[in-house]
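As structure tokens, the structure follows; a few thoughts come after it.
Bear in mind that the values in this text are calculations on the coordinates, not laboratory data. None of the values given here were measured: they were computed from a predicted structure. Here the Cβ positions follow ideal geometry from the backbone for every residue, glycine too, while neighbour counts run over all protein chains shown.
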């Protein structure tokens, strides 16, 4: 899969805290390589996502950028293709083949009303569905299609905790990297 960074555009500290956190947690869990929070600075979100990565493994660098446009243009200069997820875009399934061939993707997910300029700066404006829905859902579906479902079997190096599949109950494996102790919760 491509190197994928998720840019959360227009975060509002009091209104978007939970959803912005979920955007980054879904991005991390479903194969993205990092995130950028744009809008109001919110160290709580950055810290929460960093703690999850430390505990559950893998690397997911996350940072804050005050100006979304400057960050987007900086990423473009680094060779990133910009994919803006919006219900007003082209159908995901019509464009996913071309997007999969890109090596670096900056996936833009809006919080507040997205400025019209974001649409013109994006290489792709992609719609998961033309219906109102959650940006977390759109990101999850996009990342799932991008990797052809392979993200569902991903391993997270350095994990101190992981969940073991179980038909009943909860099997939580805790320990240092590979030496897990199994705890069964019902």
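Can you tell me the orientation of helix 135-146 relative to the chain, as the angle in degrees between its alpha-carbon axis and the longest Cα principal axis, to the nearest 10?
Tilt of helix 135-146: around 80 degrees.
In whole angstrom, how far apart do the alpha carbon centroids of region 49-65 and region 106-178 sit?
14
Quick one: helix 13-29 against the long Cα principal axis of the chain, what's the angle to the nearest 10°, folded into 0 to 90?
70
Can you give the Rg and Dmax of region 67-179 based on its C-alpha atoms, in angstrom?
Here Rg and the maximum Cα pair distance are 17.5, 51 Å.
Using r as the Cβ-Cβ distance of residue 54 and residue 172, and R0 as 22 Å, what FRET efficiency do you calculate, to the nearest 0.05? List each step's numbers first, then the result.
Details: r = 17 Å, r/R0 = 0.75.
That gives a FRET efficiency of 0.85.
So, R0 is 30 Å and r is the distance between the beta-carbons of residue 163 and residue 120; what FRET efficiency does that work out to, to 0.05? Don't jump to the answer; show the numbers that get you there.
Numbers: r = 42 Å, r/R0 = 1.41.
The pair residue 163/residue 120 has a calculated efficiency of 0.10.
What's the exposure ranking of 17, 113, going from fewest to most Cβ atoms within 10 Å?
Numbers: 17 16, 113 7.
Fewest-to-most ranking of 17, 113: 113, 17.
Would you mind computing the Rg to Rh ratio of region 1-141 from its alpha-carbon coordinates, Kirkwood style for Rh?
On the way: Rg = 13.9 Å, Rh = 15.0 Å.
Reported Rg/Rh, Kirkwood definition of Rh: 0.93.
Express the Stokes-Einstein translational diffusion coefficient of region 1-71 in µm² s⁻¹, to the nearest whole number, given a Kirkwood radius over alpha-carbon pairs, 4 °C and a viscosity of 1.567 mPa s. If you can, show how the numbers build up before the last one.
Numbers: Rh = 12.0 Å.
Diffusion coefficient, whole number: 108 µm²/s.
So how tilted is helix 68-77 from the main axis of the chain? Cα-based, degrees 0 to 90, rounded to 10.
Rounded to the nearest ten degrees, it is 90.
Considering only DSSP beta bridges whose two residues both sit in the chain, what percent are antiparallel, to the nearest 5? The partial results should precede the final answer.
Working: 11 of 37 bridges.
Here the antiparallel bridges make up roughly 30 percent for the chain.
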